[in-house]
Amino acid sequence: MWTLAGLILGQGWFLWLSPLADAWDVPFHLYFSQEFALTLAEEGTRPDWDAAIYEGRGTAAFRFYAPGAYLVASGFQYLGWSAATALRATVIVFLLAGTWGLVRWMACLGLADRAPLAVVLFLANPVVSIHLFRVFLFQNICAMALFPWVLEALTRLGREGDQAALAQGALVGSLIAWTHLPAALMMGYLAAGWVLLAWLWGKTGRLAWRNVLLMPLLAAALTAPYLLEALPELDSLHFSSHLEKQQPWAHQSFLDDPLGPAALPPQLDTPPPSFLGLERPNFRLAMRVAVALAVGLALLALASGRLGCDHPVLLAMICGMVGLGLSSRISLPLWHWMPGWASLQYPWRWVWPGTILLIPAMTGWWVPATGAGSGQLNRLITLTGWSSFAMWVFTALWVQGTAIPLSTDLMERFLVGDFHYPCEYVPATCHLADCRLPRPISARAGPYHQLQVLASGEARLELRHNSRHEAIFHADLPASGGILIGWTHYDQGWALEHAETGQRISLSPYGPCGQLRAELPGGGGTFRLFRVHSPRRTVGMVLALLAVGIVIRLYWKAGSDILPSPSPSYPSA
């Protein structure tokens, strides 16, 4: 019942709104989800090349974008659902999974009686509404929803010898990394802070420390097929030039930076009416309200004496406060030297994991504790708590009510790539796509490959098969040979071979946009242009299989079910 209430308050309008809200990243995720599903169905394996975008030049975005949430969305599209409906369904699946993890975490903390309120705070979080209706960071939404599972595993790791918690943390950590690496990075830093505080507090023993160190190693091994293929090749893209423009000190994205007018999505020139006809606020204003309410509720519970002074809820509360502090400009020096933080781009990303960590403390006012104070004081605390809770839900509804529905015309444009497609995943050999430059080439989808041959004499090319990841063609060439020119961007994942002899033919980039070029032998023949996967993917598969074996062994040694009932690790607060 409480989960249903949370879904109605937090995601009811998201589910009802068709197709989606016109949020910042909706164009990209609509197009990307549809094209990923089509390419996956065509290739039959995890794809690494988006062939249609940039008028058929293509990019390696599928190799670098974490595929977890898109794989789930592809499954819904194979059921016949539209890309927009599949995105909505995927978000709900991850949020429900996160809700399950939150209930387990609350039970592990000895707070099962407060879990219903925690569920509503989780689902009707104003920060979740901002993600769904204003920015739509699809991968971040799905990955961050799983954070409670990591927190439950960390809480259980405080017990000596809990091998099942180690396995659970590794599995969920891997799933998060497969879904969104920046989210995994944030959770990793906050989890490290949790472990450090637990050690200083004397809550983590020697065996628990071993488990804590093994958990990220196992998670990385389980994610190795993706990590080993993507991370070493970031320098082959315009990724670094993109990050130069997206550093937090280059724009006002800290939570306490001055607020300007609400920015519109880049595809809109004038704001159409919102759902409730209310003025569209700067979403950082709504985030500030959410942070104030979260901190206020947590401090209310602490001041009332209902949390105690030696309970892991206080540990989570401190980590959550630190996470919220990282969204303010006072944390700017850290952004210059903390590994990986540059990829986060927006400091306000820290607000969501920070509020998740605060949820147990935010429920502390709900259940009166013996000796918490006089009856009148208890009533005042409860009244203040319910008032703040109502403001929390109202803020989420406020964000939802100022959402702008996506028009049918815009959705049709987005599905064919007619929007500002991210430049950072275009191969660096295409100098025209440097993220520091204006956008001189259209991102609109086009026909694949567009091959032609050039020769000193008569030459003819017959295309016999053309798909996203492969082209088979026959070329009649003079004895001197010819030059194959392809519209497709050059990438090390492309290979060209002579079909009759199996001989590989060298490919190279040409022109200002770094497209394919090859020298074909005299006389011609039948040739095959196709994608080849890096050997690192195979190495990653081996590592992942070994890690799966270790995880199974851990569960076997623990004598536990895959998802054991979360018995309380600590007495009720």
Selected residue (criterion: farthest from the chain's Cα centre (by Cα)) from residues of region 1-35 that are over 16 Å from ASN125 (Cβ atoms) and of a type in the set (S, T, N, Q): SER18
HIS420, sole failed condition from (1) modelled with pLDDT under 85; (2) crowded, with 18+ Cβ neighbours inside 10 Å; (3) not small (Gly, Ala, Ser): (2)
Residues located in region 35-56, provided they are small (Gly, Ala, Ser) and on the phi < 0 side of the Ramachandran plot: ALA37, ALA41, ALA51, ALA52
Residue within region 467-487 that is touching a His at 6+ places or on another chain (Cβ under 8 Å), polar (S, T, N, Q) and on the phi < 0 side of the Ramachandran plot present: no
Which numbered condition THR355 fails, given (1) crowded, with 20+ Cβ neighbours inside 10 Å; (2) of a type in the set (Val, Ile, Thr); (3) under 27 Å from GLY493 (Cβ atoms): (3)
Meets criteria (without any contact (Cβ under 8 Å) to a residue 60 or more places away in the chain, over 30 Å from THR39 (Cα atoms) and in a helix (DSSP H, G or I)) for TRP100: yes
GLY173 vs. criteria under 22 Å from ALA316 (Cβ atoms), at pLDDT below 95 and in a helix (DSSP H, G or I): no
Helices (runs of 4 or more DSSP H) wholly inside region 281-342 containing at least 1 residues that are crowded, with 21+ Cβ neighbours inside 10 Å: 283-303, 312-325
Every pair of residues 6+ apart whose Cβ atoms lie under 8 Å, when the first sits in region 501-513 and is under 17 Å from SER236 (Cβ atoms) and in contact (Cβ under 8 Å) with a residue 24 or more places away in the chain while the second is buried (at least 16 other Cβ atoms within 10 Å of the Cβ) and of a type in the set (Ser, Thr, Tyr): PRO509/THR429; PRO509/TYR490; TYR510/TYR490
Any pair with Cβ under 7 angstrom, 6 or more apart, that starts in region 391-413 at a residue that is within 30 Å of ALA292 (Cα to Cα) and ends at one that is crowded, with 20+ Cβ neighbours inside 10 Å and among the β-branched types (Val, Ile, Thr): VAL399/ILE130
Residue count, region 188-225 (criterion: among the hydroxyl-bearing types (Ser, Thr, Tyr) and modelled with pLDDT of 75 or more): 2
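Within region 463-471, identify whether any single residue is part of a strand (DSSP E or B) and out of contact with any strand residue (DSSP E or B) (no Cβ under 6 Å at 6 or more places or on another chain), and answer yes or no.
So far as region 463-471 goes, yes, one or more of its residues are part of a strand (DSSP E or B) and out of contact with any strand residue (DSSP E or B) (no Cβ under 6 Å at 6 or more places or on another chain).
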Test: residue in region 80-92 that is within 27 Å of ALA165 (Cβ to Cβ) and not β-branched (Val, Ile, Thr): no
Near pairs, Cβ below 7 angstrom, 6+ apart or cross-chain, from region 521-544 (without any contact (Cβ under 8 Å) to a residue 60 or more places away in the chain) to any residue that is aromatic (Phe, Trp, Tyr): PHE527/PHE473
Subset tally (residues that are without any contact (Cβ under 8 Å) to a residue 60 or more places away in the chain and on the phi > 0 side of the Ramachandran plot) for region 57-94: 1
Members of region 494-515 that are over 23 Å from ALA479 (Cβ atoms), of a type in the set (A, V, I, L, M, F, W, C) and at pLDDT below 95: CYS513
Number of the condition not met by GLY446 [criteria: (1) assigned to a helix (DSSP H, G or I); (2) touching a strand residue (DSSP E or B) at 6+ places or on another chain (Cβ under 9 Å)]: (1)
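Can you tell me which residue in region 425-442 is nearest to ALA51 (Cα to Cα), limited to those that are hydroxyl-bearing (Ser, Thr, Tyr) and part of a loop (DSSP other than H, G, I, E, B)?
SER442
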Selection count where residues are under 23 Å from ILE92 (Cα atoms), in a helix (DSSP H, G or I) and of a type outside the set (Phe, Trp, Tyr), scope region 21-78: 18
Any chance SER388 is part of a helix (DSSP H, G or I), modelled with pLDDT of 85 or more and not acidic (Asp, Glu): yes
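Does LEU377 satisfy the condition of being modelled with pLDDT of 85 or more, part of a helix (DSSP H, G or I), more than 28 Å from the chain's Cα centre (by Cα) and not charged (D, E, K, R)?
Judged against the criteria, LEU377 is not a match.
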Check on ILE485, closer than 15 Å to LEU507 by Cβ, of a type outside the set (S, T, N, Q), modelled with pLDDT of 90 or more and not in a helix (DSSP H, G or I): yes
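The values are calculated or read from the model by the stated rules, or taken from the named source; none is laboratory data. What you see is a predicted model; the values in this text were computed from it and never measured. Using ideal geometry, Cβ is built from the backbone for each residue, glycine included, and neighbour counts are taken over all protein chains shown.
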